[in-house]
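The values are calculated or read from the model by the stated rules, or taken from the named source; none is laboratory data. Values in this document were obtained by computation on a predicted structure and should not be read as measured data. Don't worry about glycine lacking a Cβ; one is built from the backbone with ideal geometry, like all the others, and counts go over all protein chains shown. Each accessible area value is taken on the protein alone, full model and side chains, heavy atoms only, with ligands, DNA and RNA left out. Shrake-Rupley method; radii C 1.70, N 1.55, O 1.52, S 1.80 Å.
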Amino acid sequence: MTRIFIDADACPVKEEVYRVAGRHRLMTFVVSNSWMRIPQSPLIEQIVVDDGFDAADNWIAENLACDDVVITSDIPLADRALKKSAVVLGPSGKAFTGQSIGMSLAMRDLNAHLRETGDITGGAPPFSKKDRSRFLNVLENTLQKLRK
C-alpha cells in the first residue's frame, strides 16, 4: 500500500497533504529535525530525527518503498527516492522523474556555484496560491494513478 513521506522542515504544503492523504486513507510520515504540530490521526506519524546533516533525508530514503510518495524540494533526496522507485513531488507540484532528475541535479550544482561566486544573489520565487493549487491537483492525480 502506498505511503506518503513529507520532508517537513520547510514544506509549505503539509496541510494539503494531510487532507488528500486522509481522503485516500494513506499513512503519512512527517519527517523533520524538530517537533511540529500535526493533526491527531492514526494515519499521520511524526518522525523527529537528529539535527545531523541530511538526517531527515536519510530516514526517508531508508524507509520508503516502491510506489511510496515523497514530498520534497530537496533534489538529492528526490534522486535517492527515484532510485527506490518512489514517486517524488515538489511542493509546487513539479514531479521529479528519472528523465528530469539529472538536469535538476546539474542545475542545483550550477546555481550553487553561481551563488558562491556572487553571480546570483536571489533565491527561489515566493510560494504562490497557484503553486499550492497545482500541487493539490498533481498529488490527487498521482494517488489516483497509483491506486489503479
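Points to keep in mind about this one:
- Test set (1) open to solvent by 60 Å² or more (accessible area, probe 1.4 Å); (2) in a loop (DSSP other than H, G, I, E, B); (3) without any contact (Cβ under 8 Å) to a residue 24 or more places away in the chain - ASP9 fails condition number: (3)
- VAL20 touching an Asp or Glu at 6+ places or on another chain (Cβ under 9 Å), surrounded by 22 or more Cβ atoms within 10 Å (Cβ to Cβ) and outside any loop (DSSP other than H, G, I, E, B): no
- Failed condition for ILE47, given (1) within 15 Å of the chain's Cα centre (by Cα); (2) free of Cβ contacts under 8 Å to residues at least 24 places away in the same chain; (3) open to solvent by 30 Å² or more (accessible area, probe 1.4 Å): (3)
- Long-range neighbours under 6 Å by Cβ, at least six apart or interchain, first residue outside any helix (DSSP H, G or I) within region 125-139, second open to solvent by less than 100 Å² (accessible area, probe 1.4 Å): PHE127/PRO12
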